[in-house]
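Chemist: Got a structure here, written out as structure tokens. Questions coming.
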Amino acid sequence: ALAQAVLAGASGQLRNMATVGGNLLQRTRCGYFTDVSRPCNKRVPGSGCSAVTGEHHQHAVLGASDHCVAVHPSDMGVALTALDAVVAYETGEGPGEKPITDFYLPVGDTPHRETALPPGALITHLILPPPPAGARSRYRKVRERASYAFAIGSVAARLTVEDGRVAEARLALGAVASRPWRAHAAEAVLTGAPADGATFAAAADAELAAARPLPRNGYKVPLMRNLVVSVLTELAEEATR
Ligand SMILES: Cc1cc2nc3c(=O)[nH]c(=O)nc-3n(C[C@H](O)[C@H](O)[C@H](O)COP(=O)(O)OP(=O)(O)OC[C@H]3O[C@@H](n4cnc5c(N)ncnc54)[C@H](O)[C@@H]3O)c2cc1C
Ligand code: SF4
């Protein structure tokens with residue numbers, strides 16, 4: 001999943017230059033964030049959010065607030081979130097670590113504060129716990145053109161199937177929230193259940209029950225449902241082959 005996520009990002013030239021720390025800390029691609037003629041709470045706290053009533057077809061459907069509906073653009077961060085990565089860093093006071101699920105802050109009313117990285121900290125490496133025996137993983141990205149485009153939706157999943165049932169599931173969704181979105185509600189439905197299409201659809205529905213689409217990004221809800229079901233079905237088929 002991690003290799004597929006890295007390869008799905010940007011272009012070959014960009015990937016050869018870009019770094020792991022820089023990819024995780026890249027800012028949103030919301031057009032109003034870089035358009036200094038328009039209000040943007042992330043750029044100028046308290047100024048307003050132009051996207052809520054403006055162009056938002058690529059924006060968030062999960063975990064957003066009235067203050068900001070932007071999504072995080074990283075592909076790699078989605079896979080790392082599914083795989084329980086830990087971000088390790090150095091500060092002037094010494095080293096520190098944060099699970100990636102705590103690394104990105106909820107958007108709330110402070111969209112300008114994106115991570116829990118202490119000021120001045122330098123990300124030095126990531127720690128990836130070993131996967132369970134027999135686990136299979138995958139990253140699938142949907143974009144508006146076939147290459148060199150940010151996701152409009154993505155899924156990173158790791159599935160372990162034993163005797164036809166899901167022994168372990170890890171799932172994260174991309175391009176739907178201000179941070180790579182760990183799908184805890186879906187994982188709870190999956191764990192211990194039969195590894196079949198009905199379970200996968202129920203898991204997707206459980207996660208997406210919290211979706212609050214805007215007028216022009218409602219398509220993301222069925223898109224993500226189909227992506228989750230499709231990726232989990234593929235992994236389950238591979239596991240029983
Ligand atoms: C046209 C284009 C298309 C792209 N498409 C995608 C895509 O589809 N998917 C995707 O995931 N990404 C995409 N990217 C992002 C790209 O993959 C890089 O991750 C991104 O440009 C960051 O590059 P960088 O590593 O040079 O970081 P920089 O731009 O150098 O750094 C970004 C920020 O992180 C800080 N930083 C960097 N390293 C560290 C560190 N170790 N510790 C602490 N702070 C640090 C920097 O100070 C800066 O604030 C795209 C970028 C472009 C320009
Ligand atoms: S969605 Fe966030 S980044 Fe975009 S305009 Fe609103 S506050 Fe700014």
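The values are calculated or read from the model by the stated rules, or taken from the named source; none is laboratory data. Keep in mind that what you see is a predicted model, and the values were worked out from it rather than measured. Here the Cβ positions follow ideal geometry from the backbone for every residue, glycine too, while neighbour counts run over all protein chains shown. To get the accessible areas, we keep the full protein, side chains included, count just its heavy atoms, and leave off ligands, DNA and RNA. Shrake-Rupley method; radii C 1.70, N 1.55, O 1.52, S 1.80 Å.
Chemist: Counting only residues that are part of a helix (DSSP H, G or I) and within 16 Å of ligand 1 (Cβ to nearest atom), which one in region 17-32 is least open to solvent (accessible area, probe 1.4 Å)?
Modeler: Filtering region 17-32 for residues that are part of a helix (DSSP H, G or I) and within 16 Å of ligand 1 (Cβ to nearest atom), the one least open to solvent (accessible area, probe 1.4 Å) comes out as L24.
Chemist: Just give me the residues in region 48-62 being open to solvent by 20 Å² or more (accessible area, probe 1.4 Å) and either among the charged types (D, E, K, R) or more than 8 Å from ligand 2 (Cβ to nearest atom) (or both), in sequence order.
Modeler: Selection gives T53, E55, H57, Q58.
Chemist: Further question: Six or more apart or on different chains, Cβ atoms under 6 Å: show the pairs whose first residue is in region 4-29 and away from ligand 2 (no atom under 16 Å from the Cβ) and whose second is charged (D, E, K, R).
Modeler: Every condition considered, the pairs that remain are A5/D75; A8/D75; A8/K141; G9/D75.
So that you can scan it fast, the table gives a plain yes or no per residue for (1) surrounded by fewer than 24 Cβ atoms within 10 Å (Cβ to Cβ); (2) in contact with a strand residue (DSSP E or B) (Cβ under 8 Å, 6 or more places away or on another chain); (3) of a type in the set (S, T, N, Q):
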| site | (1), (2), (3) |
| --- | --- |
| A64 | no, no, no |
| H67 | yes, yes, no |
| D75 | no, yes, no |
| A85 | yes, yes, no |
| E90 | yes, yes, no |
| G96 | yes, yes, no |
| T101 | yes, yes, yes |
| L105 | yes, yes, no |
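Chemist: Can you tell me which of P130, P45 is open to solvent by 60 Å² or more (accessible area, probe 1.4 Å), more than 16 Å from ligand 1 (Cβ to nearest atom) and under 25 Å from L7 (Cα atoms)?
Modeler: After ruling out the rest, the residue left standing is P130.
Chemist: Just for region 134-163: of the residues that are open to solvent by 50 Å² or more (accessible area, probe 1.4 Å) and without any contact (Cβ under 8 Å) to a residue 12 or more places away in the chain, which one is nearest to L190 (Cα to Cα)?
Modeler: Filtering first and then ranking leaves D163.
Chemist: Looking at region 180-190, is at least one residue touching a His at 6+ places or on another chain (Cβ under 8 Å), open to solvent by less than 40 Å² (accessible area, probe 1.4 Å) and at pLDDT 95 or above? Before you say what the answer is, go through the steps one by one.
Modeler: As a first pass, look at region 180-190 and keep what is touching a His at 6+ places or on another chain (Cβ under 8 Å): 180.
Next, only the ones that are open to solvent by less than 40 Å² (accessible area, probe 1.4 Å) stay: 180.
Of the ones still in play, those that are also at pLDDT 95 or above are 180.
Looking for residues that are touching a His at 6+ places or on another chain (Cβ under 8 Å), open to solvent by less than 40 Å² (accessible area, probe 1.4 Å) and at pLDDT 95 or above, one finds at least one in region 180-190, hence yes.
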